[in-house]
Amino acid sequence: LHKISLIIPALNEELSIGKVLREIPPIISSVIVVDNGCTDRTPEIARELKATVVREEKMGYGAACLKGISSLPEDTSIVVFMDADASDDPADMPKLLEPILKNEVDFVIGSRTLGKNDPGALPAHSRFGNILATVLIKLLFGASFSDLGPFRAIRLSTLKQFDMRDVDFGWTVEMQIKAAANNTPFTEVPVRYRKRIGQSKISGTLLGSLRAGYKILYMIFNFGILSKLFPRLYR
Ligand SMILES: Nc1nc2c(ncn2[C@@H]2O[C@H](COP(=O)(O)OP(=O)(O)OP(=O)(O)O)[C@@H](O)[C@H]2O)c(=O)[nH]1
Ligand SMILES: [Mg+2]
């Protein structure tokens with residue numbers, strides 16, 4: 001039987017974290033909220049709702065995810081990542097996990113471009129960035145993705161092989177590039193994307209979007225070129 005753990009990186013999401021945690025379906029056996037330097041009530045609310053709360057002082061989405069991985073219950077076999085801002089719909093979780101539970105793949109990305117989006121949930125520049133990034137990944141690695149969305153499920157053994165490094169916005173694309181480079185069996189399932197609750201921090205701000213976009217492209221070129229030159233480093 002699989003033990004499925006959920007990691008939720010959170011930076012000041014007190015307006016949404018309660019709703020997110022209340023909607024988590026029973027297929028998940030443990031929930032870790034990574035407090036990435038919150039100055040609001042996010043960690044208290046998460047604790048009240050019986051999540052395990054761990055703190056990561058080093059800022060950054062990837063840093064928070066890495067902390068979550070190092071805090072997983074020992075018997076975890078599958079890990080799900082989901083944002084804390086209520087933009088991902090926890091009701092999609094069984095659908096997201098199904099291809100792994102059926103032993104068809106090791107990694108599943110929740111695709112927001114294949115799924116239904118609430119109006120304005122996925123801004124035009126995010127769509128554009130997704131297309132650019134996924135086309136480049138296809139050209140450099142031959143793997144077809146339709147999104148770099150944060151909502152995803154992966155076997156823990158596979159994730160450990162990836163030896164994830166990026167500490168900020170390159171995290172999601174790093175996982176996908178490594179899946180492509182390692183020929184990891186993966187698939188995508190359509191997920192719903194909702195308008196986030198609370199203050200937008202990346203996609204809704206110009207600076208945040210530019211930084212994230214730059215980081216994502218840097219990751220793709222770095223791995224895309226270096227992994228071809230030094231393939232052994234990437235296995
Ligand atoms: N921006 C940011 N988010 C973090 C950090 N650490 C954890 N997070 C959490 O990571 C998730 C994704 O960040 P978001 O700010 O929602 O990023 P986004 O979805 O690209 O853009 P917006 O929803 O428009 O802000 C959220 O649950 C954040 O609370 C961090 O250092 N920076
Ligand atoms: Mg968000």
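The values are calculated or read from the model by the stated rules, or taken from the named source; none is laboratory data. The structure presented is a predicted model; accordingly, all values stated were derived computationally and were not measured. Methodologically, a virtual Cβ is constructed for each residue, glycine included, from the backbone with ideal geometry; neighbour enumeration extends over all protein chains shown. Areas reflect the complete protein model, heavy atoms only, side chains present, ligands, DNA and RNA absent. Shrake-Rupley method; radii C 1.70, N 1.55, O 1.52, S 1.80 Å.
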Exposed-site-free run, longest, the chain (rule: GluC sites (Glu not before Pro); DSSP loop; at most 10 other C-beta within 10 Å): 75-235
Estimated dipole of the chain in Debye, rounded to 20 [Cβ of Lys and Arg +1, of Asp and Glu -1, Cα centre]: 520
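Ranked by accessible surface with a 1.4 Å probe, highest first, in what order do 196, 47 come?
Working: 196 65, 47 130 Å².
Heavy-atom accessible area, descending, gives 47, 196.
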Amide N proximity, segment 51-73 versus residue 161 label position 7 Å along Cα-to-Cβ, cut-off under 11 Å: none
Set of segment 179-193 residues, backbone N closer than 18 Å to the point 7 Å along the Cα-Cβ line of residue 104: 184-192
Where 191, 135 fall by accessible area, highest first, once all protein chains stay in place (1.4 Å): 135, 191
Calculated from backbone phi, Karplus (6.51, -1.76, 1.60) coupling profile of segment 57-62 in Hz, x at Gly/Pro: 6, 5, 5, x, 4, x
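Just to confirm a number: summing +1 for Lys and Arg and -1 for Asp and Glu over residues other than residue 44 whose beta-carbon lies under 14 angstrom from that of residue 44, what do you get?
Values: positive: 41, 47, 50, 55; negative: 13, 14, 35, 40, 48.
In short, -1.
So which of 19/116; 50/102; 58/215 end up more than 27 Å apart, counting from Cα to Cα?
Details: 19/116 20 Å; 50/102 29 Å; 58/215 18 Å.
From 19/116; 50/102; 58/215, over 27 Å: 50/102.
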Backbone N within segment 168-193 under 14 Å of label point (7 Å from residue 117 Cα along the Cβ vector): 191-193
Computed over segment 39-185: relative contact order in percent, which uses C-alpha pairs under 8 Å that are six or more apart: 32
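How big is the dipole moment of segment 37-131 about its Cα centre under a simple scheme where the beta carbon of each Lys and Arg is +1, that of each Asp and Glu is -1, and everything else is neutral? Debye, nearest 20, please. All intermediate terms of the calculation are to be shown ahead of the outcome.
Values: 11 positive and 16 negative charges, 37 e Å.
So the magnitude is around 180 debye.
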